[in-house]
């Protein structure tokens, strides 16, 4: 049996998976969650746990997630249609079985422990394939940019926010 | 304080593309695509001369009163792709404006004349005429007058002072940056649209001037293509955009004009030529597109820096440009960069503990950036603009080993400067780098960092080239006055005409060449 690490090194499967995701996207029947335009239930559970790990050590709490996920979705909706499709493909990497297998996991990522998510993020952060490193960049940017766009996060980093201008 | 908006959105000279519900056919003397430095200057000059001008802008019209110094608002509204535009391999993040005013609405006001070495190079190697320093000086002077470009008189903020101190300690040359501001309040939010109208972006200067001259401004209007007949450009087809400026509607606006001027930026203008299938016998369009690849070095200082406040860029060093001939190692310009939370979090690309460490120390964080001079060496050929499946443009830019070596040199130079300025720790912004405690530790480690995209953080705020000017049609898409070599009545007047990168922040160069070429245009 070929070890998944072998696939990582060849780079073929990873590239094929992501490259072929366009067609998978079109065949994937995914209805957005009633409160969202982009994310469905599984996306939300994945992005929820990823967000908590990415932002570990900040003031983020589980109860902050609904607002953060809404903000992440709003950021995605502000991207051009083709880039939105790439984000869909990114989600497929974590949702579909081949993608999970490449990342060493059988069970859904939405149910993963923080330790497992942290290990996976460290794996793709330094991965030999740029496509995985790009996935890391996209995840970190979507989550952290949405978090710091919200003024509630500023106190925790010592940012006073913009000055109030007098009329 | 109150600012009188110079554009009246209720004027019948200001058209919101979203409100157009039926196809339109219009006729003007000149249609200008884009409202940034190049387009606004062309529109101003030609409307001054009495021509009937239409300015088409893909992005929204946002007024000074709408600028709230909030990243959450500014990036989606004022930047291409919400400030998240990436090169094809995702290796470089590109910051570009997309609004009435283009890059001038959101740049950091840094103003430099075109360096003599770049002008001489273009004349010598790229067969450009009429642009010696002596020939350009009157244009620079006129631009500086019109745009309020003048030396910055107030003290530098600490973010810039760190750079200046380090340069002084090491005996490296430095200079003060001129800025295009009038009555600047030193807020530090230039990148989100100046909320007091102090920055003399084209939004508050050249565009209102052109409208006062009788020009018409249309926003939420993307140029789909140029229509030509027997080698003559006759009209443009615009599409009205939705409120996000991301999706075109089926409504088209056809504008017939005697002259068509492309000024959609160095990704947008080549893309329009490609979409329009404009004659390109030497396959030059979109090639040799340059970005001044920028690498970053973060420093943790003992005292608070507060890099979000104060004029963003006021000190620079050209030491590593001036001491490096074009034939040698790639040169780079050193500047400080303003830091706001969203942009910092996006740039550091970290999760967990390291992310927490940087963000918790945000007030003490200082950043030096190096802008690499791409395009002057055979091993720095730039990137290529291409069309995606939906016709929107992308940029394929591969960083060559020659450029990577310069990036390593720039991390080394920046780190040494930051330690000399008193940094406690320095971190070249690279996923495999750490916060180093000493210059010797940093030097040894930087020399071992792998030179790979999506490990090293590389960004760009300056896209140039892709429609190079040259008197030789085998070298350039347009001539020295911006006229297309193979299509009559078609001109390019933006940063895409530069045969290489400018080797400095390009706004004043784009304005000055557009001024010169619009004045020379015969209708």
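The values are calculated or read from the model by the stated rules, or taken from the named source; none is laboratory data. Note that the coordinates shown come from a computational prediction; the quantities given were computed from them, not determined experimentally. All Cβ positions, glycine included, derive from the backbone under ideal geometry; neighbour counts span all protein chains shown.
Here are some notes:
- Residue check for residue B:395: surrounded by 22 or more Cβ atoms within 10 Å (Cβ to Cβ), under 20 Å from the mean Cα position of the chain (by Cα), within 14 Å of chain A (Cβ to nearest Cβ) and free of Cβ contacts under 8 Å to residues at least 40 places away in the same chain: no
- Subset of the range B:426-437 (residues that are surrounded by fewer than 20 Cβ atoms within 10 Å (Cβ to Cβ) and either within 14 Å of chain A (Cβ to nearest Cβ) or over 15 Å from residue B:348 (Cα atoms) (or both)): B:432, B:434, B:437
- Residues located in the range A:115-154, provided they are closer than 20 Å to residue A:66 by Cβ and under 14 Å from the mean Cα position of the chain (by Cα): A:117, A:139, A:142, A:143, A:144, A:145, A:146, A:147
- Verdict on residue B:193 being touching a strand residue (DSSP E or B) at 6+ places or on another chain (Cβ under 9 Å) and either more than 14 Å from every other protein chain (Cβ to nearest Cβ) or at pLDDT below 95 (or both): no
- Residues of the range B:289-311 that are assigned to a loop (DSSP other than H, G, I, E, B), away from chain A (no Cβ under 14 Å) and buried (at least 24 other Cβ atoms within 10 Å of the Cβ): B:291, B:292, B:293, B:311.
- Residue match in the range B:147-160 (condition: in contact (Cβ under 8 Å) with a residue 60 or more places away in the chain, touching a helix residue (DSSP H, G or I) at 6+ places or on another chain (Cβ under 6 Å) and either in the same structural domain as residue B:111 (by TED's automatic domain parsing) or not in a helix (DSSP H, G or I) (or both)): no
- Assessment of the range B:482-491 against the conditions (in a helix (DSSP H, G or I), at pLDDT 95 or above and under 20 Å from residue B:41 (Cα atoms)) yields no matching residue.
- Among the residues of the range B:379-386, some residue qualifies, meaning at least one is under 24 Å from the mean Cα position of the chain (by Cα) and farther than 30 Å from residue B:275 by Cβ.
- Only residues that are in a helix (DSSP H, G or I) and touching a strand residue (DSSP E or B) at 6+ places or on another chain (Cβ under 7 Å) were counted across the range B:414-438, and they come to 5.
Per-residue answers, yes or no, for (1) closer than 27 Å to residue B:405 by Cα; (2) under 15 Å from the mean Cα position of the chain (by Cα):
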{"residue": "B:453", "(1), (2)": "yes, no"}
{"residue": "B:460", "(1), (2)": "yes, yes"}
{"residue": "B:464", "(1), (2)": "yes, yes"}
{"residue": "B:467", "(1), (2)": "no, no"}
{"residue": "B:486", "(1), (2)": "no, no"}
{"residue": "B:492", "(1), (2)": "no, no"}
{"residue": "B:498", "(1), (2)": "yes, yes"}
{"residue": "B:515", "(1), (2)": "no, no"}
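- For the range B:326-367, residues that are assigned to a loop (DSSP other than H, G, I, E, B), facing chain A (nearest Cβ under 10 Å) and in contact with a strand residue (DSSP E or B) (Cβ under 9 Å, 6 or more places away or on another chain) total 2.
One line per residue, one yes/no per condition, for (1) assigned to a strand (DSSP E or B); (2) touching a residue at least 60 places away in the same chain (Cβ under 8 Å); (3) farther than 24 Å from residue B:74 by Cβ:
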{"position": "B:138", "(1), (2), (3)": "no, no, yes"}
{"position": "B:145", "(1), (2), (3)": "no, no, yes"}
{"position": "B:167", "(1), (2), (3)": "no, yes, yes"}
{"position": "B:196", "(1), (2), (3)": "no, yes, no"}
{"position": "B:209", "(1), (2), (3)": "no, yes, yes"}
{"position": "B:218", "(1), (2), (3)": "yes, yes, no"}
{"position": "B:227", "(1), (2), (3)": "yes, no, yes"}
{"position": "B:233", "(1), (2), (3)": "yes, yes, yes"}
{"position": "B:237", "(1), (2), (3)": "yes, no, yes"}
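- Residue in the range B:168-184 that is buried (at least 18 other Cβ atoms within 10 Å of the Cβ), more than 14 Å from every other protein chain (Cβ to nearest Cβ) and within 22 Å of residue A:164 (Cα to Cα) present: yes
- Of residues in the range A:52-72 being part of a helix (DSSP H, G or I) and over 16 Å from the mean Cα position of the chain (by Cα), the one farthest from residue B:358 (Cα to Cα): A:63
- Meeting the requirement of 3 or more residues that are facing another protein chain (nearest Cβ under 10 Å), the helices (runs of 4 or more DSSP H) wholly within the range A:97-167 are A:114-125, A:130-149.
- Qualifying positions in the range B:86-103 - in contact (Cβ under 8 Å) with a residue 24 or more places away in the chain and over 26 Å from residue B:197 (Cα atoms): B:87, B:88, B:89, B:90, B:91, B:92, B:93
Matching residues to (1) at pLDDT below 95; (2) within 30 Å of residue B:98 (Cα to Cα); (3) touching a strand residue (DSSP E or B) at 6+ places or on another chain (Cβ under 6 Å):
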residue: A:31; (1), (2), (3): yes, no, no
residue: A:46; (1), (2), (3): no, no, no
residue: A:52; (1), (2), (3): no, no, no
residue: A:73; (1), (2), (3): no, yes, no
